[in-house]
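K.L.:
Pasting in a structure now, in structure tokens, and then I'll have a few things to ask.
The values are calculated or read from the model by the stated rules, or taken from the named source; none is laboratory data. For clarity, every value in this text was computed on a predicted model and none was experimentally measured. Reconstructed Cβ throughout: ideal geometry from the backbone, glycine too, with neighbour counts over all protein chains shown.
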Amino acid sequence: MGRMGMALRCAPRRTGAALAMAALAVVSLAVAILTVAALLGPAMADGAAAESGAGTRLQIGAGSEHGAPLPAPPADEFRQWLPAALAGDAAAQYELGRAYADGALTREDLAEAARWYHQAADQGNARAQNDLAMLYTKGLGVSQDYVQAYVWFDLAAARFGAGQRHDQAIEMRDMMGAFLTPEQFAEARRLSEEKQAQGE
């Protein structure tokens, strides 16, 4: 077979590869467009809402014309919590962690969320302890670690006190305990008791 025959044989492969790459590019573009639309949709759909910063989770002090608090836009959310978080405020650290976990700033960043949760959890913030435990349970933003998950669920349960959050933390702690070997369980109990003694 001459060069012409080989070229004809290779042409379908090249064409197929080119079509596959083009399809992949179209899918990637569609995903990017949908992501941007999900983030900016409410603001694009309603100009007044965009100007007021409506559509995000965090509430700020200023009220609307009806007296209801207006949600802060992502940039304002970051500016609101970052200085206090850097200064060591556990509540601000937790809120900043949630902002990263929810993708409320620019994109979801679970590693950064875990970092802020950990700082707040070390100071005894029960919600941060609970959410950090969930990340360890699933291996999101951190390496999956059932010992650490057990520890933080145990600490969160102790901080929550009686109620639904306490009961859920206990249930998750016991679920993690079921995955541990006797040695791992003993280590988890030791770590939890140490942290409780330190006020965490």
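K.L.:
On the basis of being surrounded by 12 or more Cβ atoms within 10 Å (Cβ to Cβ), outside any loop (DSSP other than H, G, I, E, B) and at pLDDT below 95, does R189 make the cut?
P.N.:
No; evaluated as a whole, the condition is false for this residue.
K.L.:
If you check V151 against the conditions, is it β-branched (V, I, T), in a loop (DSSP other than H, G, I, E, B) and surrounded by 13 or more Cβ atoms within 10 Å (Cβ to Cβ)? Lay out the reasoning, then the answer.
P.N.:
Working: β-branched (V, I, T): yes; in a loop (DSSP other than H, G, I, E, B): no; surrounded by 13 or more Cβ atoms within 10 Å (Cβ to Cβ): yes.
No: the conditions fail for V151.
K.L.:
Right, here's the next one. What are the residues in segment 129-173 that are closer than 18 Å to A90 by Cα and of a type in the set (S, T, Y), if any?
P.N.:
none
K.L.:
Answer yes or no: is there a residue in segment 99-119 that is surrounded by fewer than 15 Cβ atoms within 10 Å (Cβ to Cβ), within 19 Å of the chain's Cα centre (by Cα) and modelled with pLDDT of 90 or more.
P.N.:
Checked against the condition, which is being surrounded by fewer than 15 Cβ atoms within 10 Å (Cβ to Cβ), within 19 Å of the chain's Cα centre (by Cα) and modelled with pLDDT of 90 or more, segment 99-119 yields at least one hit.
K.L.:
Hey, could you check segment 122-145 for residues that are in contact with a Phe, Trp or Tyr (Cβ under 6 Å, 6 or more places away or on another chain) and part of a helix (DSSP H, G or I) and say which is surrounded by the fewest Cβ atoms within 10 Å (Cβ to Cβ)?
P.N.:
R127
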